[in-house]
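Chemist: Sharing a structure below in structure tokens format, with a few things to ask.
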Amino acid sequence: MGNDNGASKWDSVRRYKLTKMINELSSISGHGTELVTVYVPPRRPIFDVIAQLRNEAGTASNIKSDLTRNHVQDALSKTMEHLKLFKETPENGLVIFCGAIPTGKGFGTEKIELTAVIPPKPIQISLYRCDDHFWTDHLREMMKDEKVIGILAVDTSEAGIGILTGDRWETIDTLTSGVAGKHRQGGQSARRFERLRDNELNEYYHRVADHAKAVFIDQFNVKGLIVGGPGPTKDNFLKEEYLDYRLQNNILVVLDTSYSGDEGVREIIDKAQKDGILAEFRVMEEKQMVKKFMGEVHSNKGLGIYGIFDVVKALQAGMADMVLLTSEISYVKLDFKCKSCKNIQEKIVERAAMTATKQEISSKPCPSCGATDFEVAEKDIVDYFQELATMTGTRLEVISGQTEEGAQLGSLGKVGAILRYRPM
């Protein structure tokens, strides 16, 4: 639901890039306790953090190993200098990883490097650690999917409307039906009673649908809906299509529960988490996107294209409506800038071929002026695609390379696009 072309604050591309960064940081192992991790929660004064690190730098002077002591003090000094760039702590806080990173050229050749992250949601801890590894667990925990899922627990007596975002859930609204129980007397009065009851049920279902629209569409713009409740009421409610069509078309699953109302919302969430329904939500999204893409590839409309160079051309021309990448794509964009005439040669290559390409281009004279001195800039292909997508209003999605859909896209070069119009 929502605008397909709009990018959420924490979309699949940002999630991919942060996950990749976390994995890279987690793989680093220092020679000693030389890797500094700092978590700064929202509203904690920057000067307070700097004062703490200044004290830690004083304590580090007691470290016996000269190399370890210098590395720790250098890391703390670089971290404090970075913190001075902030007038106040960002809204979600700040995480800094800084330390002596092994270069692969032997002991003593480590390089002090700093990585700063503004996290996807507010930090709940204040942390300083100096260890042989970076403390990434808290940041990794924040990466859980933040899409809002709607929960509707309904029967003939009451309805509960709730939302689930990441690990947080709440009941937003509860409605009582006011519908009387089924009448057991026979005769004409019983039939009249049943007609009245049906009218009351109809009015109640419309109220539930109106409240659902107000909460799930107008207030939270949910990305999927889980419906549950005891007995056949929920099935009748859905079969008669009382819900707004946008919600009706985004039902993830219908569950049998013992309760409705507030307790029903709680029970639905418990069941959905135990059954893995919520974990599969992103997978379901990816299935729909790849299905749509493959449908265009196999149609005769000419709107489905694949392969890195064709997709780049489509992005540059503003023709791409949606671009899909797998998380295993390994291309990099290289810019060779001539120091004499400033002419730039662009190359997109597999990361494994990057070194050979650098050597090849750098050994040849500039095609514009003949000079042989170049500045070389590297850019991950996902970063480059994100730049192009932002300029052209293109939807960019990174999907898992470990799924069946990821494998399908992988067989087509790990990148594909649906075009806005057919090329001339």
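All of the numbers you see were taken from the coordinates with simple rules; none came from a lab. Predicted, not measured: the structure shown is a model, and the values here were computed from it. Reconstructed Cβ throughout: ideal geometry from the backbone, glycine too, with neighbour counts over all protein chains shown.
Chemist: Specify the angular offset, from 0 to 90 degrees and rounded to the nearest 10, of the alpha carbon long axis of helix 46-60 from the longest principal axis of the alpha carbons in the chain.
Modeler: Around 50 degrees separate the two axes.
Chemist: I need the GluC sites (Glu not before Pro) found in the stretch 175-272, filtered to DSSP loop residues with at most 12 other beta carbons within 10 Å of theirs.
Modeler: Passing both the DSSP loop test and the Cβ count: E240, E241.
Chemist: Related question: Within a 10 angstrom radius of the beta carbon, how do V332, V254 rank from fewest other beta carbons to most?
Modeler: V254, V332
Chemist: A follow-up question, please. Restricting attention to the chain, give the cysteines that have no other cysteine Cβ less than 4.7 angstrom from their Cβ.
Modeler: Taking the Cβ cut-off of 4.7 Å, the unpaired cysteines of the chain are C98, C130.
Chemist: Then there is this: Ignoring everything except DSSP H segments at least 4 long, calculate the 222 nm mean residue ellipticity for the chain; use -39,500 (n - 2.57) per segment, divide by total residues, nearest 500.
Modeler: Helix contribution divided over all residues of the chain: -11500 deg cm²/dmol.
Chemist: Shifting gears a bit: Against the longest alpha carbon principal axis of the chain, how many degrees, from 0 to 90 and to the nearest 10, is the axis of helix 66-83 turned?
Modeler: 60
Chemist: Net charge near N236, counting Lys/Arg +1 and Asp/Glu -1 over other residues with Cβ under 12 Å of its Cβ?
Modeler: Within the 12 Å Cβ shell, the charges total -3.
Chemist: Here is a further query. Given a Förster distance of 56 angstrom, what is the FRET efficiency for F107 paired with H298, based on the Cβ-Cβ distance and rounded to 0.05?
Modeler: FRET efficiency, F107 to H298: 0.50.
Chemist: Then there is this: Only sites in a loop by DSSP and with at most 14 other Cβ atoms within 10 Å count here; which trypsin sites (Lys or Arg not before Pro) in the stretch 271-361 make the cut?
Modeler: Taking the stretch 271-361 and a limit of 14 other Cβ atoms within 10 Å, the loop trypsin sites (Lys or Arg not before Pro) found are K301, K339, K342.
Chemist: Mind telling me which of L67, L164, L25 comes out most flexible in a GNM of the chain, alpha-carbon contacts under 10 Å?
Modeler: Comparing L67, L164, L25 in the GNM, the peak value goes to L67.
Chemist: Using a Gaussian network model of the chain with C-alpha springs under 10 Å, which one of A407, A116, A352 is most mobile by mean-square fluctuation?
Modeler: A352
Chemist: Sticking with this one: Give the order of I268, I22 when sorted by the count of other beta carbons within 10 angstrom, beginning with the fewest.
Modeler: The most exposed by this proxy come first: I22, I268.
Chemist: Then there is this: Cross-link partners among aspartates and glutamates for K339, C-alpha distance below 16 Å, same-chain residues fewer than 8 apart left out?
Modeler: In chain and number order, the partners are D373, E375.
Chemist: Return the long-range amide H neighbours of H133 (sequence gap of 5 or more, or a different chain), with a cut-off of under 5 Å between placed amide H atoms.
Modeler: Amide H to amide H, under 5 Å and 5 or more residues apart or across chains, H133 pairs with G30, L35.
Chemist: Among rounded, prolate and oblate, which fits the stretch 12-141 when a ≥ b ≥ c are the square roots of the eigenvalues of its C-alpha gyration tensor, a/c under 1.5 means rounded, and a/b larger than b/c means prolate?
Modeler: Oblate, because a/c is 1.5 or more while a/b does not exceed b/c.
Chemist: For the Cα atoms of the chain, what angle does the longest principal axis make with the long axis of helix 281-297, in degrees from 0 to 90, nearest 10?
Modeler: Long axis of 281-297 versus the principal axis of the chain: about 80 degrees.
Chemist: So for the stretch 330-424, averaging the separation of alpha carbon pairs under 8 Å that are six or more residues apart and normalising by length, what relative contact order in percent results?
Modeler: Answer for the stretch 330-424 is 26 percent.
Chemist: Among L35, L196, which comes first, second and so on when ranked by fewest other beta-carbon atoms within 10 Å?
Modeler: Lowest count first: L196, L35.
Chemist: K333: which lysines have alpha carbons under 23 Å from its alpha carbon, excluding same-chain residues fewer than 8 sequence positions away?
Modeler: Result set, ordered by chain and number: K17, K20, K313, K342, K347, K358, K364, K379, K414.
Chemist: Looking at the chain as a GNM with Cα springs under 10 Å, which of Q345, Q248, Q386 has the largest mean-square fluctuation?
Modeler: Q345
Chemist: Follow-up question, since we're still on this one. Pairs to check: K121/K291; K223/K292; K121/K147. Give those whose C-alpha atoms are more than 21 Å from each other in this structure.
Modeler: Table pairs above 21 Å Cα-Cα are K121/K291.
Chemist: Loop-only trypsin sites (Lys or Arg not before Pro) in the stretch 42-94, please: DSSP not H, G, I, E or B, and at most 11 other Cβ atoms within 10 Å.
Modeler: R43, K64, K84, K87
Chemist: Right, here's the next one. What aspartates and glutamates sit close enough to K287 to cross-link, taking a C-alpha to C-alpha distance under 13 Å and skipping anything fewer than 8 places away on the same chain?
Modeler: E397, E404, E405
Chemist: Not counting the cut sites, what is the longest span of the chain without chymotrypsin sites (Phe, Trp or Tyr not before Pro) that DSSP labels loop and that have at most 10 other Cβ atoms within 10 Å?
Modeler: That would be 108-420.
Chemist: Also, I was wondering about something else. Please say if the chain is rounded, prolate or oblate, where rounded means a/c under 1.5 for a ≥ b ≥ c the square roots of the C-alpha gyration tensor eigenvalues, and otherwise the choice is prolate for a/b larger than b/c and oblate otherwise?
Modeler: oblate
Chemist: Okay, moving on. If you average the sequence gap of Cα pairs under 8 Å that are 6 or more apart and divide by the length of the stretch 259-362, what percent do you get for the contact order?
Modeler: In percent, rounded to a whole number, it is 12.
Chemist: Which whole-number percent gives the relative contact order of the chain, counting Cα pairs below 8 Å spaced six or more residues apart?
Modeler: 15
Chemist: Can I ask one more? I want the local charge near K213. Using Cβ-Cβ distances under 10 Å, sum +1 for each Lys or Arg and -1 for each Asp or Glu among the other residues.
Modeler: Every neighbour counted, the sum reads -2.
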